[in-house]
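Asker: Once you've had a glance at the structure underneath, I'll fire off some questions.
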Amino acid sequence: MKPTLPTNSAEIRFAAGTLSVERRANENTPEAFVGKAIVCGSRSKNMGGFVEVIDPKALDSADMSDVVGLFNHNRDILLGRSTSGSLTLTRDADGGLSYRIAYDPNDPDHTRLLAKFERGDVVGSSFAFTTARNGEEWQEEETEGGGILYVRTVTAIKKIYDVSPVTDPAYADSTAAKRSLEHFKQEHPDARMKGMKMPKKKGKRDETAAELAERAFLEAMIPHHEMALEMASTALKEAETPDIRAFAQGIIDGQGGEINQMKQWLSDMDTAERQSPDAETLRMAEEHAFFSSL
């Protein structure tokens, strides 16, 4: 499948349960925080309309010359740095990336992180990265229900910015990938239409071409609007320019209601379909009318 245009915004991915504390043999003294930041060759959970796989060779040419270890991706809580040797990175057998942050008992951020880890507050690791130019590919797969599952394969990572123990999976950010997915959909409009082929079910009439087009339009636009709401919410949190903030608020105010309206239209379509006679009932009625007229 033709690669899409590059995405330049940093993205964040989360891996659950991938942090541990390395301790000295026969002692309880901590030596390092150890985690796996990148898992390759494994499909992610649904990330908002798509799943993602990181290719085992994606890191082969990645810039990892200056990677920092942060807590919750907060640059004010610096745990280690690759250039100083306090953070070391290791490529794993699956092509992924593990990290080791040497424990410093004199660093308050380290002692606080250790306490959080021992309480069970730290839920995993994540990393911030950008993809290389043409460093991703999109494919669509037909699901059992006749819909479309979009699959993003990250084939080349441009740069790793940080690795971070995190307390909340919500730190994952796939905004840049969602923008890329929208670009892919625009380049391949037939993919979405193929996904709108509804499986025929006993007791339901066939939808007309117009109804199928309307359903396809609504089911394509709802996730598009949802992504716009997510991006607008991020802008309100981070942007300072009044005009941009006002524009983002306008999107939230307008498209939230539009999403509800489109969902209601889809619900009405399903209700009408359930209440309509099936094709066999219509055929029998027509046959009865024909013979009654003889």
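Asker: Please give the number of the condition Arg23 fails out of (1) touching a Pro at 6+ places or on another chain (Cβ under 6 Å); (2) at pLDDT 90 or above; (3) closer than 30 Å to Gln139 by Cα.
Answerer: The one condition Arg23 does not meet is (3).
Asker: Also, quick follow-up: Looking at the range 25-43 only, could you name the residues that are closer than 18 Å to Glu11 by Cα, touching a residue at least 60 places away in the same chain (Cβ under 8 Å) and buried (at least 16 other Cβ atoms within 10 Å of the Cβ)?
Answerer: Lys36, Ala37, Ile38, listed by residue number.
Asker: Taking the residues in the range 108-160 that are in contact with a helix residue (DSSP H, G or I) (Cβ under 9 Å, 6 or more places away or on another chain) and of a type in the set (Gly, Ala, Ser) as candidates, determine which candidate is farthest from Glu11 (Cα to Cα).
Answerer: Only one residue tops the list, namely Gly146.
Asker: Provide a single number: the residues in the range 77-126 that are within 27 Å of the chain's Cα centre (by Cα) and free of Cβ contacts under 8 Å to residues at least 12 places away in the same chain.
Answerer: Number of matching residues: 3.
Asker: Please go through (1) at pLDDT 75 or above; (2) exposed (fewer than 11 other Cβ atoms within 10 Å of the Cβ); (3) of a type in the set (Gly, Ala, Ser) for Ser292 and return the number of the only condition it doesn't satisfy.
Answerer: Exception for Ser292: condition (1).
Asker: State whether one or more residues within the range 9-20 are surrounded by 13 or more Cβ atoms within 10 Å (Cβ to Cβ), of a type outside the set (D, E, K, R) and farther than 24 Å from Gly120 by Cβ.
Answerer: Yes - at least one qualifying residue is present in the range 9-20.
Asker: Pull up the range 89-101, narrow it to residues that are over 17 Å from Val166 (Cα atoms) and small (Gly, Ala, Ser), then point me to the one that is surrounded by the most Cβ atoms within 10 Å (Cβ to Cβ).
Answerer: Gly96
The values are calculated or read from the model by the stated rules, or taken from the named source; none is laboratory data. Predicted, not measured: the structure shown is a model, and the values here were computed from it. Glycine also receives a Cβ, built like all others from the backbone with ideal geometry; neighbour counts cover every protein chain displayed.
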